[in-house]
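Here's the structure we're looking at; comments come further down.
Every number in this text was worked out from the coordinates using simple rules, so none of it is lab data. Bear in mind that the values here come from a model prediction, so they are computed numbers and not experimental data. A quick note on method: Cβ atoms are made from the backbone with ideal geometry, for glycine too, and the neighbour counts reach across all protein chains shown.
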Amino acid sequence: MHGRPSILETVLLSEDWNSTIYRIKYLDVLATHEKKIRSDITVNIDQLNDEKEKDQIQQSKLQKEKELGKEEAEAILNALKANESNMKKKIYKSIGRINLEKDW
């Protein structure tokens, strides 16, 4: 026997029938507990995968919104630059000095 003994070896190595029955019941309890743990782990892994997928979708949406916002900001900036270059420069000339009388 190398390593971990099999179920059959564990049962056959019992010293008497009471010990054999006790070992069988004990192994049954362990097997049931192990199945429950495996089931819980599987459920947790599935939940984590679902959350991961939701997070990836949310992150993708946020990235798209960020790109749209950047594109919109660039479009506004370009429009403002175009408006500035298209505007005619206004030249103001002074017609003459206006004299104000002081009341004090």
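Some points to look at:
- Net charge in the neighbourhood of E65 (other residues with Cβ under 12 Å of its Cβ; Lys, Arg +1, Asp, Glu -1) is +1.
- The alpha carbons of the stretch 7-83 occupy a box of 99, 15, 9 Å along the principal axes, longest dimension given first.
- Charge dipole (debye, nearest 20) of the stretch 7-83; +1 at Cβ of Lys and Arg, -1 at Cβ of Asp and Glu: 200 debye
- Potential lengthening between E15 and E65 on full extension [0.36 nm per residue; Cα-Cα distance subtracted]: 10.8 nm
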